[in-house]
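Working notes, beginning with the structure itself.
The values are calculated or read from the model by the stated rules, or taken from the named source; none is laboratory data. Here the structure is a predicted model, which is why all the values come from computation and not from measurement. Neighbour counts run over all protein chains shown; Cβ positions are idealised from the backbone, glycine included. For the accessible areas, the whole protein counts, side chains as well, though only heavy atoms, and no ligand, DNA or RNA atoms are used. Shrake-Rupley method; radii C 1.70, N 1.55, O 1.52, S 1.80 Å.
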Amino acid sequence: MYQITLSDQNKTVQAAPGETLLEVLRRAGAQPDAPCGGHGRCGKCRVQIRKNADDASWEEVLSCQTTIDADLAVRAVRTEADVQVLTEGTAAGGGDRERVFRPAVRQVCVNVRPCPKGESISDWTRLEEALRAATDPLTGEPLLPGGPALTGEPLLPDGPALTGEPLLSGGRELPVCLEAASSLGRILAETGGQVWVILSAGQVLAVSAEERPVCMAAFDIGTTTVAAYLLDARDGRELAVSSCLNPQAPYGADVINRANYVLEHGTAEITGCIREAVSSLIVDMTAQAGVTAEDVYAVSIAGNTCMHHLFLGISPDSLVHAPYNPAVSSAMLLRASDFGIRAARRALLWMLPNIAGFVGADTVACLISSEIADQAEWTLLIDIGTNGEMVLARGGELAACSTAAGPAFEGAGISCGMRGSEGAISAVRFDENGSWDYDVIGDVAPVGICGSGLLDAAACLLRSGRMDETGELEDGELVLADETVSGSGKPVPADVSVSGSGEPVPADESMRGSDRLMPAGGSGRKVSVTQKDIRSLQLAKAAIASGVHLLAGAQGIALGEISQVWLAGAFGSFLSPESACDIGLIPPVLRGRIRPIGNAAGEGAKCVLRDVRRFEEAKALAARTKFLELATLPEFQDRFVDELSFPEEESYA
């Protein structure tokens, strides 16, 4: 075994001979950037290594192509710890619907009558009597109406099937919570019969002698990032927000790479890291709020179909092979502890349903929060990302599809691409005088370009005439910055070498030849948009645009009949609608009808915890949404090819 020292983390791990450095970094939790999944194609997993501690020279390598054959010291070229994660969303539909606070978890105080002399009525039976007689102080409804309508299958090991019927009707008894029952007698004796009860889905989760903090946690597990929210179960207030990069990123930037990794290696690694991330976010949020993870009694999760499957430990085999269907699409109510989630011992996990294909629970969450089904005019909702989902709706009629846009919008597969973190060029401008300008996240020296900046750059190239409708660049590339800086904005250390020779390599030399590392900004490399980047952008934008055209066609309407376009997710919130229309990502006819609605999936995950009936609504919406499988449409290929070109000049803003 060899010793691998991670200099940035002050940590040493062991590695077996023949392992790749990327595998070691993954196992150590270093989260190396590997959009291509470790196949040596993207050039993003660059690190610096040295074999001899006395050697001052660091060698820059691709971690996925470096096999362990000696002790190594490793340090990152640059990190993206400050990635912008969108956590805010809006009520896109206008918020006209009546809001009722009917939380997934309730804490109530009831008085349990003493056992009459000469009788032997159990403490639990008398608690059940008290609960049956009580009403919810928030809604005036019975405290034990039963759980949400699900599949009728036994969802919890110690509870009856949740069929939508009142849980205690027909002679059913309140399922016994052994943990609560064991302390109930003591509590009743101490308080004279008064007990605080925590209820969820018609079950007792805990009892106590006094009121205690009760919280709920909602999650939007995206392909790139995870957004988390902590809610107070007493009034629905948002107590804390947290986020992180999805730790599955080292296994691939897109769902296909991750799915392929699981098919070869099993679910343990990828499933384990995302569950650990959820637990870590709960710990972080509860610390912010001054409570503990054990005070969290409900956890809701929304994510696309692949993220949903990987969290649950389900193989995505059926998703990546024809006919591309989910292994599971039903809404589920599960025990959070069965998935290693740091929460109360009997906390419930509320998994939103998938629709079909790659249109998953995150889209259902968007439907819930946006209330798009209530819209009287044709409304298009698009979540632009590696797996672009879209829904077209009017008057309760819903149709959805997904498009494999790939990770270009997240900066993956782009020569100087990066996520939306410090140092990323996020906006580009070109004025009448021929001057170029740009904004950089964090107001530091640029080290790369993120998706919104790439869209702007392409739009400016079109408007300025430096790129034609086919995507051909006039000068071969657009150089936006040529700073001799490292990823941290500091001068490049003279001891850094590239290509394995051990000798310093000038910045311009490091970019020549197919055997060189792909430029990623910083380390003396210029930040530019190349012809290859434009081709990647064309593929991504053609996928989204094709979906819009075909979805409208399937509903029998012209694009011009769409009254409003809502952009969900981080990329949709930060991009310029003008640039999106100029390059044809969104059909130009929809210009002026576009507005961002933020993290609608995160908002939907919160909605089902604040009003448990929205969980039932989520199931109904998923069931009635018509799914359009684009790949099976005979016109898809022709439409996709047409959308590869950029719009004609008269379409520009």
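Structural remarks
- Radius 9 Å from Cβ of E474, net charge of other residues (Lys, Arg +1; Asp, Glu -1): -2
- Reachable lysines from K532, criterion Cα separation under 22 angstrom, eight or more residues apart if same chain: K44, K541
- Summed side-chain charge close to I282 - residues other than I282 whose Cβ falls under 12 Å, Lys, Arg +1, Asp, Glu -1: -2
- Global form of segment 299-375, assessed from the alpha-carbon gyration tensor, a/c cut-off 1.5: oblate
- Between segment 1-64 and segment 404-481, the Cα center-to-center distance that results, in Å: 30 Å
- For segment 518-653, the relative contact order is 33 percent, taking Cα pairs closer than 8 Å that sit 6 or more residues apart in sequence and dividing their mean separation by the residue count.
- Once the Cα-Cα distance is subtracted from the 0.36 nm per residue extended length, the S563 to V479 segment shows a gain of 26.4 nm.
- Given charges at beta-carbon only (K, R positive; D, E negative), |dipole| of segment 207-322 in Debye: 160 debye
- Straight-distance crosslink candidates among lysines, where the alpha carbon sits under 17 Å from K619 and sequence neighbours closer than 8 are dropped: K606
- Spatial separation of Cα centroids for segment 362-398 and segment 605-624, in angstrom: 14 Å
- Taking all pairs of distinct alpha-carbon atoms in segment 519-653, Kirkwood radius in angstrom: 17.5 Å
- Taking only alpha carbon atoms, segment 1-45 gives an Rg to Rh ratio of 0.98, where Rh is the Kirkwood radius.
- Taking a straight line from the alpha carbon of K11, these lysines sit under 17 Å away, with near neighbours fewer than eight places off in the same chain left out: K51.
- Cα gyration tensor shape for segment 237-349, rounded if a/c is under 1.5, else prolate or oblate: prolate
- Counting only protein chain heavy atoms and rolling a 1.4 Å probe, the accessible areas of D431, D383 rank, largest first, as D431, D383.
- Residue-count net charge about C401 - beta-carbon cut-off 14 Å; Lys, Arg +1, Asp, Glu -1: -2
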